[in-house]
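Below you'll find the structure, written out as structure tokens, and then a few comments.
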Amino acid sequence: MSKVVVVTSGKGGVGKTTSSASLGAALAQAGQKVVVVDFDVGLRNLDLVMGAERRVVFDLVNVVQGDAKLAQALIRDKRVETLSLLPASQTRDKDALTEEGVGRVIEELRQTFDWIICDSPAGIEKGATLAMRFADTAVVVTNPEVSSVRDSDRIIGMLDSKTVTAETGGQMDKLLLLTRYDPARAARGEMMTVEDVLEILAIPLLGIVVESPDVLTASNMGCPVTVLNPVSPAAKAYDEAARRLLGETIAVKTPQAEKKGFMSRLFGRKAVA
Amino acid sequence: MSFLSFFQRNRRSAPVARERLQVLLAHERAPDGGADLAAVLHKEILAVIAKHIPIDQDRVVVKLDRGDQVSTLEIDIEMPDTALAGR
């Protein structure tokens, strides 16, 4: 039984594309057949983050409009065998995607893949509503920051009202993925804590990804962090999140701030070097 | 900025963020056209008190805590001593 997961957030720049690529890669590394679908028509970036930007020939819009077969548009990842990508197109035509067409493509993907990860565009417009439309599970990517939390709350409301699952009386699984978390700042009261965000949004926690330079390095290299640097804390967080999606029970540990010595506190990074 | 304020910088901005969000979202979560209970209570309770005592709107703190079993709406109103004098 395949699962359709939407990775969404409302606000832009919180890590939807990075998280889609990393969760997709982690699931595939666990042996699952995974396709990551870019719904950001006009501003596609998943191909770039996954290092496949030079291999795009056909895209989601071509498939939806019947100009290409699904098999022609799917790009197989070169590093993880069971991972594929369905890129978005660069067209500026806002109405390039139709609900009926997207439904058809998702249904076809369900025949081949265990996991269909839909990378939603930011905002609450058509692209975002179509990305969530056919999902059974939503991963709500949120930064511990007021604007991100507010937008996530908005998106949670939409997941409960504007999806096929919700409209047919089903319960949409909504999971929180907290990204760019800085334990040191949270400990000093400068950043909302995991508990703060959980209390406000009131959905179960899928994982916490700490702010880490490894994430930028991974996108620079066009390789999901779980593949490029599996020992990185960010990669471990995505790997655990993927295993939770697979049904494993792994407690989410809230990352704690590293204890700094007096000298390193005084001299910052210089004392460490 | 005074010399001392350098040391007393209020860095604990996270609790402020949390409370602002809780109040804001209590308003925004109201279904279209429906009554938003927390916002209505907030407004009506303040209106009742304002009938008897002058209230400075800037000295009102509204806090909404959502728990699994019970949620609490806390409305903290600072009243000037002069308002209570002679009552």
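Data for the structure
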| item | result |
| --- | --- |
| Some residue of region B:57-70 being farther than 18 Å from residue A:153 by Cα, at pLDDT 80 or above, open to solvent by 60 Å² or more (accessible area, probe 1.4 Å) and over 12 Å from the mean Cα position of the chain (by Cα) | no |
| Top-ranked residue of region A:156-167 - restricted to ones that are away from chain B (no Cβ under 14 Å) and open to solvent by 40 Å² or more (accessible area, probe 1.4 Å), ranked as farthest from the chain's Cα centre (by Cα) | A:167 |
| Residue that is farthest from the other protein chains (Cβ to nearest Cβ) [pool: residues in region A:170-189 that are at pLDDT below 95 and closer than 23 Å to residue A:127 by Cα] | A:170 |
| Candidate set: region A:190-214, residues that are assigned to a helix (DSSP H, G or I) and among the β-branched types (Val, Ile, Thr); chosen: the one nearest to the other protein chains (Cβ to nearest Cβ) | A:200 |
| Test for residue A:68: is it open to solvent by less than 70 Å² (accessible area, probe 1.4 Å) and in contact (Cβ under 8 Å) with a residue 12 or more places away in the chain | no |
| Residue B:82 vs. criteria touching a strand residue (DSSP E or B) at 6+ places or on another chain (Cβ under 8 Å), of a type in the set (S, T, N, Q) and at pLDDT 70 or above | no |
| Residue count, region A:206-218 (criterion: within 22 Å of residue A:52 (Cα to Cα), of a type outside the set (Val, Ile, Thr) and buried (at least 20 other Cβ atoms within 10 Å of the Cβ)) | 1 |
| Selection count, region A:234-263, where residues are surrounded by 15 or more Cβ atoms within 10 Å (Cβ to Cβ), farther than 15 Å from residue A:176 by Cα and at pLDDT below 95 | 1 |
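The values are calculated or read from the model by the stated rules, or taken from the named source; none is laboratory data. Model, not experiment: these values are computed from the prediction. Glycine also receives a Cβ, built like all others from the backbone with ideal geometry; neighbour counts cover every protein chain displayed. These accessible areas exclude ligands, DNA and RNA; they are computed on the full protein's heavy atoms, side chains included. Shrake-Rupley method; radii C 1.70, N 1.55, O 1.52, S 1.80 Å.
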